[in-house]
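Presented below is the structure to which this report refers.
Coordinate-derived values only; no laboratory data. Everything quoted here is computed from the prediction, not taken from an experiment. FYI the Cβ positions are ideal-geometry reconstructions off the backbone, even for glycines, and counts take in every protein chain you see.
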Amino acid sequence: MAESTDFLKLANERQSDRKYHDKPVEEEKLNRCLEAARLAPSACNAQPWKFIVVNDSEIKNSLAELTTSGRLIPINHFTRQAPLHVVLIMEKPNLTSKFGELVKSKKYTLMDVGIAASHFCLQAAAEGLGTCMIGWFDEPGVRKLLNIPDNKRPMLIITLGYPAGNKRKKRRKEMNRIVSYNSY
């Protein structure tokens, strides 16, 4: 059994990478990342997700263009560098999960998609790969480019590749600012 510090080390090493080498990602590493996401827990076991792996360079570059904001807001211009993009689609929840969402006024499907994305990215870090989750993109353009049905929603684009940048020191709030016991 692995020591608990192994996971903390992995969580500390995982970062949003915005610079990649042009080295291709091995299929077996990609498949382990997808398997980690597939195994993620979800409310009422709804598993409300689908992953579209974009490995065709022409489609990937078109997708990358849909993540940038042109020249006005200089974000996400790194996406062309990543060898792969994985688009995380939010599917409809099962009846039990949907009922729970209505009764409790909580978006379980959003939580589930986030957990699956986190599993994917942590497995990628374990494989020596870098990722960046992108939520800023032209959703209608992505939907059209990837033939996503109108009743499905692309929630995240995850870039995947071998990171070319340096590891950054994590800046996180101190534990005593985010944790309390028995009361707020």
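Miscellaneous remarks
- At an R0 of 22 angstrom, the distance between the Cβ atoms of GLU28 and LYS167 translates into a FRET efficiency of 0.35.
- Calculated [θ] (222 nm, deg cm²/dmol) that DSSP helices of n ≥ 4 give over the chain, each run adding -39,500 (n - 2.57): -11500 deg cm²/dmol
- Packing-based ranking, highest mean first, of 157-163, 143-149 given that Cβ atoms within 10 Å are counted: 157-163, 143-149
- Report note on the peptides 19-25, 178-184, 74-80, 101-107: ranked by the mean count of other C-beta atoms within 10 Å, highest first, their order is 74-80, 19-25, 101-107, 178-184.
- Residues whose amide H comes within less than 5 Å of that of LYS19, counting only those at least five positions distant or on another chain, are ALA164, GLY165 (H built at 1.01 Å from N in the peptide plane).
- FRET E, pair SER57, GLU91, Förster distance 45 Å, beta-carbon r, rounded to 0.05: 0.95
- Computed on the Cα atoms alone, the convex hull of region 1-98 gives a volume of 162 cubic angstrom per residue.
- Convex hull volume per residue in cubic angstrom - Cα atoms of the chain: 174 Å³
- Based on C-alpha pairs under 8 angstrom that are at least 6 apart in sequence, region 26-164 has a relative contact order of 34 percent.
- Highest average packing first - 119-126, 50-57, Cβ atoms within 10 Å: 119-126, 50-57
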